[in-house]
Amino acid sequence: MTAQVHNGKAIEALLSRLLATGRYATADDALLAGLTLLAERELLRSAIQDGIASGSGIPADEVFTRLKRKYASSGSGPQS
């Protein structure tokens, strides 16, 4: 897919700096990296919303108490 991006001077300056460092070979590479981060952020946002929608969770103190009991009874796991 080909897309034409109209970017401002600030974006052009950022792309120039990124290319000058050699980190990215082309503007397309830099833009792809940015879009990949955006996609990851959107997945995380969706996962957070799913978690919120799933209802209330278990208090952290309860989780840690359960884990301590589990490892204490098994004789393995983290030692405190």
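No value in this document is a laboratory result; all are computed from the given coordinates. Everything quoted here is computed from the prediction, not taken from an experiment. Don't worry about glycine lacking a Cβ; one is built from the backbone with ideal geometry, like all the others, and counts go over all protein chains shown.
What do you get for the angle between helix 60-74 and the principal long axis of the chain? Use alpha-carbon atoms, 0 to 90 degrees, nearest ten.
Orientation of helix 60-74: about 60 degrees from the principal axis.
From the C-alpha coordinates alone, can you work out the Kirkwood hydrodynamic radius of region 2-62, in Å?
Values: mean 1/r = 0.0685 Å⁻¹.
That comes to 14.6 Å for region 2-62.
Below 13 angstrom from the Cβ of S74, what's the summed charge of the other residues (Lys, Arg +1; Asp, Glu -1)?
On the way: positive: R66, K68, R69, K70; negative: none.
So the surrounding residues net to +4.
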